[in-house]
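Below you'll find the structure, written out as C-alpha cells, and then a few comments.
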Amino acid sequence: MRPSFHPRLIHGPFGDPGLFIPFLFQKRALIFDLGDINGLPAGDLLKISHAFITHTHMDHFIGFDRLLRLLLGREINFSLFGPPGFLSNVAGKLAGYAWNLVDNFNYPLILQVTEVHPDFTLYRTYCCRDRFEPNREAIRRPFNGVLLAEPAFKVSAALLDHKIPCLGLSVKERFHINIIKDGLKNLGLEPGPWLTDFKQALYSRTDPAVQFEVKRPEQKAPNRYELGKLAERIAKITPGQKITYITDVVYSDANNEKIAAFAKDSDHLYIEAAFLEKDQAMAGEKYHLTARQAGELAARAAARQFSIFHFSPRYLGQESLLYQEASEAYKGCL
Ligand SMILES: [Zn+2]
Ligand SMILES: [Zn+2]
C-alpha cells in the first residue's frame, strides 16, 4: 500500500513539536501544531490548507505569525482549529499588528477559525479587508468529535487534560485505494494526474455507471470507461490510513482511556515523551508523559507504529534512553 499521507515531525525530538502532513501527489498538506516552523520551506507551508493547534503554549503556536505573513495577499481561505479560548488567542495575535496597508493586497485573506469545546464549537472568520477585526458573533455548532470531513478523509479531535484543555488529533482516510499496476497495464493505461480524479470520484461516491474519461497526453480523444468497471480492473480497496498525534498530556486514568480509544488502531501514533520514567513525579507535575507511559499508551491503542518526541532538554545526549524506554514498554505491553 502506498500511503496517502506522508507525515513528518517538523523537528528532532528536542525541537518544538509539530507534525506536517503532505498528501501524496497533491499540492496540499495539513499541520498539527504551529510551533517553530522556520525549518519548513515556504513551498511546504503554502500547501497547508488547515492548521490544528493542540493548545496555545508558545512552543505550539509561535509559528502562527510566520504562516500568516506568508499567506497575506494570497488567494486562499485558511482554516485554523484550537482548544477553548482559541478565538481570543487568534484575535489577540491579530490585534498585535497594524493593518492599515491591507488594501494593497490583491486577494483578501480570510481566516476561518474554530474553537473546540467538549460538545460544541465556536466558529468565526477574520478577514484581511476588515483589518482582521471579527465582524459578527461567533457561530455555535454541535461537536461530535469530527472537525473536518471531506470525501477522502476526516480529522477528529479529543479534548485531553494538560492542566488546560489540549486537543488530541487524528486524520483518517475513509478507505484506501490501491492502484493495481497490472490492471493499468492490461488496459494500456499509464499512471498520471488522472488517477487523482479517479480516486476523488470513488471517494465522492460517484455513480459507478458514469463515464469516466482518462486523458492521455499523446491522444487527442480521451479513453472512456464506466467508472465502476474501471475500478474493478485497476483498484483494490483496503482500510484507510490513520495518523494520530498526542502531545502535552498528563498520565491519568481519564486521559489514558480517552487516548487509547481515540488513537485505536492508528497506523502511526505520534506521542510525546517529555521525561524518563525515573522522573515520573516531575512529568506528573508538568502534565507531560514519560517515555514508558508513551510506549504503554501506544501498545494500549494497538498502534502499528509509534514515534516519540518533545523531549525535555535535560536529556540532551541521552535520547537513546528515551527511545529504549518507550520501545521496551510498547513491546512489554503487546
Ligand atoms: Zn509543549
Ligand atoms: Zn504545553
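Computed over protein heavy atoms with a 1.4 angstrom probe, the accessible surface ordering of His60, His6, His288, largest first, is His6, His288, His60.
Each eigenvalue of the Cα gyration tensor of the stretch 154-253, multiplied by 5 and square-rooted, gives one semi-axis; in descending order these are 41, 12, 12 Å. What is the distance, in nm, between label points placed 7 Å from the Cα along the Cα-to-Cβ direction at Lys215 and at Ile237? Calculated label separation equals 2.7 nm. Ignoring lysines fewer than eight residues from Lys181 along the same chain, the ones with Cα atoms less than 30 angstrom from its Cα are Lys27, Lys47, Lys154, Lys172, Lys199, Lys215, Lys220, Lys229, Lys236, Lys242. Structure remark: mean-square fluctuation, Gaussian network model of the chain, C-alpha springs under 10 Å; the largest value among Gln112, Gln219, Gln324 belongs to Gln219. 3J(HN,Hα) along the stretch 112-118, derived from phi through the Karplus expression 6.51 cos²θ - 1.76 cosθ + 1.60 where θ = phi - 60°, amounts to 9, 10, 10, 9, 9, 10, x Hz, with x in place of Gly and Pro. Calculated over the stretch 179-334, the projected area of the Cα convex hull averaged across directions stands at 13.2 nm². A Cα-only calculation for the stretch 75-225 places Rg and Dmax at 21.8, 62 Å. Between Gln318, Gln280, Gln293, the Gaussian network model of the chain with springs among Cα atoms under 10 angstrom shows the greatest mean-square fluctuation at Gln318. Comparing Pro165, Pro118, Pro17 in a Gaussian network model of the chain where C-alpha atoms under 10 Å apart are linked, the largest mean-square fluctuation is found at Pro118. log10 I(q)/I(0), Debye, Cα-only the stretch 130-205, no solvent, q = 0.19, 0.26 Å⁻¹? Cα-only, vacuum Debye calculation for the stretch 130-205: -0.94, -1.17. Using the alpha carbons alone, the radius of gyration of the stretch 1-81 stands to its Kirkwood radius in an Rg to Rh ratio of 0.95. Summarising the amide proton neighbourhood of Arg174: residues at separation of 5 or more, or on other chains, whose placed amide H is nearer than 5 Å comprise Phe153, Lys154.
Apply the a/c threshold of 1.5 to the C-alpha gyration tensor of the chain and tell me whether it is rounded, prolate or oblate.
Since a/c reaches 1.5 but b/c is at least a/b, the shape of the chain is classed as oblate.
The gain in end-to-end length when the Glu133 to His117 segment is fully stretched comes to 3.5 nm, 0.36 nm per residue minus the alpha carbon separation.
The values are calculated or read from the model by the stated rules, or taken from the named source; none is laboratory data. Just so it is clear, the model here is predicted, and its values are computed rather than measured. FYI the Cβ positions are ideal-geometry reconstructions off the backbone, even for glycines, and counts take in every protein chain you see. SASA here: full protein model, heavy atoms, side chains in, ligands and nucleic acids out. Shrake-Rupley method; radii C 1.70, N 1.55, O 1.52, S 1.80 Å.
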